[in-house]
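To start, the structure under review is shown below, and the notes come after it.
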Amino acid sequence: MNAPACLADLAILVPVPLTPQAFLPFGAVLQAPAGPGRPINAGSSERFDLVDDLQLGAEGGRAQLALFRAQARQFPLQVHEMECHRWGSQTFVPWGVVRFVVVVAPAGEMPSGGEIRAFVTDGRQGVVLAPGTWHHALLAVDAGDFLVIERAAAVVDCELHRLDLPLRLERR
């Protein structure tokens with residue numbers, strides 16, 4: 001199958017602002033809660049439990065904390081490949097105020113262009129991608145660091161899928 005001649009010929013994907021409700025089919029949004037938390041440390045701190053189970057233990061997996069240092073991407077850009085981790089979630093949390101775009105598709109069969117969605121964070125939000133959720137690699141709007149929590153094990157859990165028809169990801 002021939003690829004489109006240029007970026008301008010591709011179907012357009014425009015990210016929408018990230019909200020917990022809109023992102024629910026793909027995982028969870030991490031952001032500072034509006035209400036009060038549970039007092040801890042003799043009342044000097046508040047605790048907010050954001051995600052009860054990151055689902056990282058399947059098939060002998062364990063939690064791994066990494067730092068990704070991302071360069072700012074130039075938009076528009078071509079989305080030609082998606083990946084998924086079937087045995088565990090993957091969490092991205094900006095270290096500082098760093099915006100990024102999350103390109104996702106539902107867990108299950110390999111995605112087609114019509115199932116792919118894009119969200120842009122406000123720079124203070126993170127995401128937990130549910131196990132099996134298809135997603136693009138990290139797309140930083142701003143250069144910066146990200147804390148990443150993912151499943152580590154003897155067998156790598158990363159399935160790649162090349163899209164039949166690439167998409168043009170824009171930032172409007």
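The values are calculated or read from the model by the stated rules, or taken from the named source; none is laboratory data. Computed from a prediction, not measured in an experiment: that's the story for all the values here. Please note: Cβ atoms are built from the backbone with ideal geometry, for glycine as well, and neighbour counts cover all protein chains shown. Protein only, heavy atoms only, side chains kept; ligands, DNA and RNA dropped before computing areas. Shrake-Rupley method; radii C 1.70, N 1.55, O 1.52, S 1.80 Å.
Results, tabulated for the structure shown:
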item: Radius ratio Rg over Rh of segment 111-162, counting only Cα atoms, Kirkwood formula for Rh; result: 0.96
item: Among beta bridges that DSSP assigns inside the chain, antiparallel share in %, nearest 5; result: 90 percent
item: Computed log₁₀ I(q)/I(0) - Debye formula, equal Cα scatterers, no solvent, the chain, q 0.17, 0.20 Å⁻¹; result: -1.10, -1.43
item: Computed helical MRE - 222 nm, the chain, DSSP H runs ≥ 4 contributing -39500 (n - 2.57), nearest 500; result: -500 deg cm²/dmol
item: Net charge over other residues, Cβ less than 14 angstrom from the Cβ of residue 151 (K, R count +1; D, E count -1); result: -4
item: Chymotrypsin sites (Phe, Trp or Tyr not before Pro) within segment 39-129, DSSP loop, no more than 12 other Cβ atoms inside 10 Å; result: 48
item: Taking the convex hull of Cα positions in segment 36-82, its mean projected area over all directions (nm²); result: 7.4 nm²
item: Ranked packing of 155-163, 25-33, most packed first, by mean Cβ within 10 Å; result: 25-33, 155-163
item: Mean accessible surface per residue for the chain, computed with a 1.4 Å probe while every protein chain stays in place, in Å²; result: 57 Å²
item: Sulfur and carbon atoms: percent of accessible area, the chain [1.4 Å]; result: 52 percent
